[in-house]
Amino acid sequence: MYSTFTPLHRGGHGTPLVCVHGFTDTWRTWELVLPVLERHHDVLAPTLLGHAGAPPITSEVSAALDAERITCPVRIVWGAEDKLLPWPSAAARFRDGWLPQADWVVLDDVGHCPQLDVPLETAHLVVEFTAR
């Protein structure tokens, strides 16, 4: 049976929370953490432009990402055992250049996708951060 893919997930109640996936992924990467997050937040998890099921990118893409325009609190959870984007070298451009104001949590013995490797711990790290 064929099902239509939706490029956006929204659910829960409470203060707004946006979950942004990584390169080549979709909003579905958050499915294991959504039940916990949605008990505390109105969760918006979009599939970014140009990714599976989302509208195509219609303009030039730059590495700048307008990160300086992000004024809301940001927590980044990174796996220390990430083989695709090794800690700390791959994180340097985000940590030092794009999002120096972000709160960083590095999880030992966790790989590329903390939301898939340790979903409950990842969900609790997000909820704890947003409760501040």
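Where a number appears in this text, it was derived from the coordinates with a stated rule and is not lab data. Just so it is clear, the model here is predicted, and its values are computed rather than measured. Positions of Cβ are generated from backbone atoms using ideal geometry, with glycine treated the same way; all protein chains shown enter the neighbour counts.
Brief remarks follow.
- Where labels lie 7 Å past Cα in the beta-carbon direction, separation of Gln101 and Val20 in nm: 1.3
- Note, ³J(HN,Hα) from phi for segment 115-120, Karplus 6.51, -1.76, 1.60, rounded to Hz, x at Gly and Pro: 5, 9, 6, 9, x, 5
- Helical contribution to [θ] at 222 nm, DSSP H n ≥ 4, -39,500 (n - 2.57), averaged over the chain, rounded to 500: -3500 deg cm²/dmol
- Integer Hz, Karplus 6.51/-1.76/1.60 couplings in order for segment 10-22, x for Gly and Pro: 9, x, x, 8, x, 5, x, 9, 10, 10, 10, 7, x
- Segment 1-95: C-alpha pair distances exceeding 15 Å, %: 71
- Charging the Cβ of each Asp and Glu at -1 and of each Lys and Arg at +1, and nothing else, the dipole of the chain about its Cα centre rounds to 300 debye.
- Protection-proxy order for peptides 23-36, 92-105, each taking the mean of Cβ atoms within 10 Å per residue, highest first: 23-36, 92-105
- For segment 8-130: relative contact order, % (alpha-carbon pairs under 8 angstrom, 6 or more apart): 26
- Among beta bridges identified by DSSP and lying wholly in the chain, the antiparallel ones come to about 35 percent.
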